[in-house]
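J.: Quick one: the structure is below, questions incoming.
What follows draws every value from the coordinates through simple rules; no lab data is involved. These figures come from a predicted structure and were not determined experimentally. With ideal geometry, Cβ positions are generated from the backbone for all residues, glycine too; neighbour counts draw on all protein chains shown.
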């Protein structure tokens, strides 16, 4: 067990439990249901999983060049190059409110494409 983003426990167990709670509460996983069911720490881990997948997909799409992948990580982790941008978690949560019926991956994916164009 460790401490990840201020949340004690195994990240995989937390994500699995939270995903099950969402399915029980709402029947499907949407950006809105993630906001409704998960607390802030759980959402942070969940979103980072999406970001990790998107960053790796970008790395493969870019023929293993790391610039696009690094941009996605920098945006999510709040690096200097994005000082004019809102905090990524806040940005994701605001977009999730606006696009609550979309999947979390679609919301985060749209934001990464906006912040890190191909």
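J.: Most exposed first by the Cβ proxy, i.e. fewest other Cβ within 10 Å, how do 63, 74, 87 rank? If you can, show how the numbers build up before the last one.
T.: On the way: 63 6, 74 16, 87 12.
If I rank by nearby Cβ atoms, fewest first, I get 63, 87, 74.
J.: Of the peptides 27-34, 53-60, how do they stack up when ordered by the mean number of other Cβ atoms within 10 Å, highest first? It would help to have the intermediate numbers written out before the result.
T.: Numbers: 27-34: 17.9, 53-60: 16.4.
Descending mean neighbour count gives 27-34, 53-60.
J.: To the nearest 0.05, how large is the calculated FRET efficiency for residue 99 and residue 61 if R₀ is 25 Å and r is the Cβ-Cβ distance?
T.: Numbers: r = 23 Å, r/R0 = 0.94.
E(calc), rounded to 0.05, equals 0.60.
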